[in-house]
1. Considering only C-alpha atoms, what is the centroid distance from region 101-145 to region 9-69, in Å?
2. Would you mind telling me the share, in percent, of accessible area of the chain contributed by carbon and sulfur at probe 1.4 angstrom?
3. Between Asp67, Asp130, Asp39, which gets the highest mean-square fluctuation from a Gaussian network model of the chain, Cα cutoff 10 Å?
4. Specify whether the C-alpha gyration tensor of region 60-135 places it in the rounded, prolate or oblate class, a ≥ b ≥ c being the square roots of the eigenvalues: rounded for a/c under 1.5, otherwise prolate if a/b is larger than b/c and oblate if not.
5. So with the 1.4 Å probe, I'd like the accessible area per residue for the chain, rounded to whole Å².
6. Could you point to the label whose value was computed as volume of the Cα convex hull per residue in Å³ for the structure here, given [x] 132; [y] 146; [z] 106?
7. With the chain treated as a Gaussian network of Cα nodes joined by springs under 10 Å, which of Ala127, Ala89, Ala75 yields the largest mean-square fluctuation?
Amino acid sequence: MSVVVIVIIIAAIVVVLYGALAFNRLIRHRNQCEQAFADVDAALKRRHDLIPSLVETVKGYASHERDVFERVTDARSNAIAVRSPAARAQAEEVLTGGLRQLLAVSEAYPDLKASENFIELQQQLAATEDEIQSARRDYNANVRGLNTAIQSFPASIVARIVHISEGRFFEVEDRSEREGVSVSFNATP
């Protein structure tokens, strides 16, 4: 064999090996994104599970606030139904707004604010909100890693060939919703 043929074979082997390594790295990043989104989903499920108890507790003290309860319940149902990160983020924004309204209603009822059940639910909700924020940060960090890998040359070529697309960040669209749910631990009237 001539030197040219050997060089071509070696170059082809290097290209194939690089392609395999790039493919494996992209798959690893994609799997990390999926795992991180599952963590966000689990934290959001915990939040969704707390909401009916919170609504029922507030209902016991403020039964005439029916429209707020219905909005929160509907927002919860919508948030549970969506799966993609972008749709989930949007549905969670609506749910967060509903929770804000629900907690604002509770401010008008000193007996409710003093209720041990309500205080416990507030504490659980606050802890869950912290878990959600942590899971979102982790997910977004993994999406950043995936997107950086996909956008890097020559891995971008491998990504196009094997149809691996960029991830979508889990972010809040409405700037007023970036503040999160305000939970007060002050149980005194």
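The values are calculated or read from the model by the stated rules, or taken from the named source; none is laboratory data. None of these values were measured; they are calculated from a predicted model. The protein model used for the area step is the full one, side chains on, heavy atoms only, and it has no ligands, DNA or RNA in it. Shrake-Rupley method; radii C 1.70, N 1.55, O 1.52, S 1.80 Å.
1. Centre-to-centre distance over Cα atoms comes out at 18 Å.
2. Taking all protein chains in place, the chain shows 57 percent carbon and sulfur surface.
3. Greatest mean-square fluctuation among the candidates belongs to Asp67.
4. Oblate, since a/c reaches 1.5 and b/c is not below a/b.
5. Roughly 58 Å² per residue, with all protein chains present.
6. Correct label, based on the coordinates given: [z].
7. Checking each option, the largest mean-square fluctuation is seen for Ala127.
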